[in-house]
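Bear in mind these aren't lab numbers, they're just calculated from the coordinates by the rules spelled out. Note that this is a predicted model, so its numbers are computed, not measured. Neighbour counts run over all protein chains shown; Cβ positions are idealised from the backbone, glycine included.
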């Protein structure tokens, strides 16, 4: 039996209380120092309680049942506790029509329901682009999660245009999610302070919206996730939060599965992020000041929740997301019991010369799992 996220979370809280604050080595570390005990998937269980003693044996120590610790709302376990609803997928203007597929502007509704003390229900209209293969279907589908592009300059469908067309030309419905705060999507004013967990919620809800749509001929039992760079991290959190949602997933050139490393690599020294960094730190502290928060917002400690096979694809010359990150994430997935494979290509972060070979390998992986 896989331990639940709440069970997995509690040991980390105990470690923090006891003063264990290590977050591993510098960004890109791949040796033992990069995977501290806090990063290992938690598989231990509390020792079995001994049989309750009778009052005559322990008159002054009545048995007490301790209430479980609450799950922090801004955390991967908090994302998993939400109830996600995706629907109202609407086809808009035709963007492109080829012999192999038709491409549409789309919107759908992304809703997440939490406890009243965590904000209740949130609902956002999310924009995106949908490629539908020519023919009657039903077709297998892939939901795409793009990498980081400044939302102020991002335009609908940006970031995975090549992947979307490649998949559709090979018989896959390809839904590119813009995320909240991007393109024509609704804005969430707190998306940064909530560690962009809303992006993963939008991806989860995109899958649900596809499945209930009457306009799109999707085979409900054949759906996969595909994310690149930041989007790789987005889909790993989605896999943790919604096990069993899809049948396979492919993170390409993914960011680290440890948010402390992402903070050091992309935010800590970037002057353009000064305002966001200041507000984030004021609320949650740095990884050194509040390691529990950054751990709880990472996917790696909860990999034992993932039920889908994962194909990781990474470039040996990637200087944006170091290859050591991919090796460490892959090892952690395997250690957690996930069916994971890591494929290397002699290419950089954006995949130029090796793009077609890597896409062909990814489609064969989807064919095998979704066929």
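A few points about this structure:
- Ranked by the mean number of other Cβ atoms within 10 Å of their residues, highest first, the peptides 298-304, 211-217 come out as 298-304, 211-217.
- Dividing the mean sequence gap of close Cα pairs (under 8 Å, 6+ apart) by how many residues region 76-370 holds gives a relative contact order of 16 percent.
- Secondary structure note: in region 76-370, about 55% of the DSSP beta bridges are antiparallel.
- When peptides 252-262, 98-108 are ranked by their average number of other Cβ atoms within 10 Å per residue, the highest-first order is 252-262, 98-108.
- Estimated inter-spin distance, residue 355 and residue 331, nm [label 7 Å along Cα→Cβ]: 3.3
- Sorted largest first, the principal axis extents computed over the alpha-carbon atoms of region 76-370 equal 55, 44, 36 Å.
- FRET efficiency for the pair residue 346 and residue 113, taken as 1/(1 + (r/R0)^6) with r the Cβ-Cβ distance and R0 = 56 Å, rounds to 0.75.
- Backbone N within region 263-296 under 14 Å of label point (7 Å from residue 193 Cα along the Cβ vector): 276-285
- Computed over region 163-232, relative contact order equals 20 percent, with contacts defined as Cα pairs under 8 Å that lie 6+ residues apart.
- Region 98-227: antiparallel DSSP beta bridges as a percent of all, rounded to 5: 60
- With viscosity 1.306 mPa s and temperature 10 °C, the Kirkwood radius over alpha carbon pairs of region 153-237 converts through Stokes-Einstein to a diffusion coefficient of 114 µm²/s.
- Paramagnetic label reach from residue 87 (point 7 Å along Cα→Cβ; backbone nitrogen cut-off under 20 Å): within region 235-279, residues 245.
- Stretchable slack from residue 95 to residue 220, in nm (0.36 nm times residue separation minus alpha-carbon distance): 42.5 nm
- Compactness of region 195-234, taken as the C-alpha radius of gyration over 2.2 N^0.38 Å, stands at 1.29.
- Sorted on the mean count of surrounding Cβ atoms within 10 Å across their residues, most packed first, peptides 141-147, 230-236, 191-197 read 230-236, 141-147, 191-197.
- Full extension of the chain segment joining residue 273 with residue 102 gains 57.7 nm, where the gain is 0.36 nm per residue of separation less the Cα-Cα distance.
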